[in-house]
1. Run down Leu41, Leu62 and say which single residue is crowded, with 17+ Cβ neighbours inside 10 Å and not in a strand (DSSP E or B).
2. Select from region 84-122 the residues that are modelled with pLDDT under 65 and either under 25 Å from Asp58 (Cα atoms) or in a loop (DSSP other than H, G, I, E, B) (or both) and list them in ascending order.
Amino acid sequence: MTHEQQSNHERRQFERLAFVRKTTLFSGSSAWTCEMIDISLKGVLFTKPSDWLGNIKDIFRLTISLANSPSISMSIEIAHIDDKTIGAKWKKIDVDSFISLKRILELNTTDRHRLTKEMTFLESK
């Protein structure tokens, strides 16, 4: 782990869950298909499309396809970009998408106590 990755990990308040899914990134009339790498209650990491030209702080719409359930859709702000991945924090998420996100995390986490703590932290903001 590089010093920068270690620093980011230490600042991270929300546990990331490996969650590989087809994802679509939208901006205006443009759309890019990518793959989700991981997700948390507050952010996402996904593959960087080869023809994508966004910048840090840009706002996009992200849709995560789910099997047998409605997709999760959120407005995201780009937080970091490297050669192969894009990291973002969600800015706005509708109630149904948030419920789906929370349920996915509940079903796939090994530390339910931490998830409860993260939810409490979100509610206090």
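The values are calculated or read from the model by the stated rules, or taken from the named source; none is laboratory data. Keep in mind that this is a model prediction, so the values were computed, not measured. Methodologically, a virtual Cβ is constructed for each residue, glycine included, from the backbone with ideal geometry; neighbour enumeration extends over all protein chains shown.
1. Details: Leu62 fails: not in a strand (DSSP E or B).
Just one listed residue meets the conditions, Leu41.
2. Asp111, Leu122 - these are the residues of region 84-122 that are modelled with pLDDT under 65 and either under 25 Å from Asp58 (Cα atoms) or in a loop (DSSP other than H, G, I, E, B) (or both).
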